[in-house]
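Everything below concerns the one structure shown next.
The values are calculated or read from the model by the stated rules, or taken from the named source; none is laboratory data. In this text the structure is predicted, and so the values were computed from the model without any measurement. Backbone-built Cβ (ideal geometry, glycine too); neighbour counts: all protein chains shown.
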Amino acid sequence: MRGVQDTTRALATTGRERVISLSDRVAGEIGRRIVSGQYQPGDTLPTEPRVQEEFKVSRTAVREAIRLLSAKGLTVSRPKIGTKVRPRADWNMLDPDVLRWQIDPFPSDEFIHSLFEMREIIEPAAASRAAERATPEEIEALAEAFEGIRSRPRGSADQIKADLAFHMVVLEASHNPLLRSAGSMIESGLVISFSLGWRTVMGDDAVLQHRDVYEAIRDRNADGAYLAMRRLLRNAKGNVFDSIWVNRRSEAGAETEIR
């Protein structure tokens, strides 16, 4: 799944450069251990000297890494107690790093269900509102995004970018400030779900489902837009699980051969 992860990271940082520091690297590794369950809520993390030794970094880098994890709601530090993993309910699940760490190396079924449940709550309603409120310019932008989905090479980064643009235009065209803010918050989640789904090349049915959403919004059919977006998301969810299960079987087969 490395190619998918690389594409996800490239898309997630499009338009904004980020230098990965030593503290970022340490926070990323510890963060992955937390979200994967290697460190459970209530567990105390290794001491600063042990983390320094493992990662060959300074005390300053370790402290900055812990500060980053605390800002994301994953940990809390107390004098003479150390740094503990916070309850899962306290984690900032919409933080781009927390989202990304949950797919390294493989996302859990629970995470995928939760991600698509969030999308199914937000995006069909946004599509319905967009059908009522989209400006001519927004409908044109949606048409351009759909053309990218239709014409770009299947499974390419350009097609994923067009898919992301399509969904973000729908959220923007709802002209609901809270929905638009939600779009900004879940952009990383959308990138991740699109990238996971593209492990298998987008089928003709998915292209047609995007067309149905576009045409319903263009034709000011609010109910049609709602239903079309819901069908699209349910199909996409199935594609993601197909991709994950195929990859898991491949990994299991490779391990069997090694043994």
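Miscellaneous remarks
- Cβ-Cβ distances below 6 Å connect the following pairs, each with a first residue in the range 144-165 that is in contact (Cβ under 8 Å) with a residue 60 or more places away in the chain, a second residue that is crowded, with 17+ Cβ neighbours inside 10 Å and part of a loop (DSSP other than H, G, I, E, B), and a separation of six or more residues or different chains: 160/198.
- Filtered by the rule that a residue be of a type in the set (Gly, Ala, Ser), in a helix (DSSP H, G or I) and touching a helix residue (DSSP H, G or I) at 6+ places or on another chain (Cβ under 8 Å), the range 130-154 gives 130, 131, 141, 143, 145, 148.
- Identity of the residue in the range 57-98, surrounded by fewer than 17 Cβ atoms within 10 Å (Cβ to Cβ) and under 22 Å from the mean Cα position of the chain (by Cα), that ends up nearest to residue 182 (Cα to Cα): 94
- Residue under evaluation residue 101, criteria (1) more than 28 Å from residue 238 (Cβ to Cβ); (2) surrounded by 13 or more Cβ atoms within 10 Å (Cβ to Cβ), criterion not met: (1)
- Looking only at residues in the range 85-110 that are without any contact (Cβ under 8 Å) to a residue 40 or more places away in the chain and not in a loop (DSSP other than H, G, I, E, B), the one that is farthest from residue 245 (Cα to Cα) is 90.
- Exactly one residue out of 164, 178, 171 is among the hydrophobic types (A, V, I, L, M, F, W, C), in the same structural domain as residue 205 (by TED's automatic domain parsing) and more than 17 Å from the chain's Cα centre (by Cα): that is 178.
- Top-ranked residue in the range 96-147 [being at pLDDT 95 or above and among the polar types (S, T, N, Q); ranked as farthest from residue 29 (Cα to Cα)]: 135
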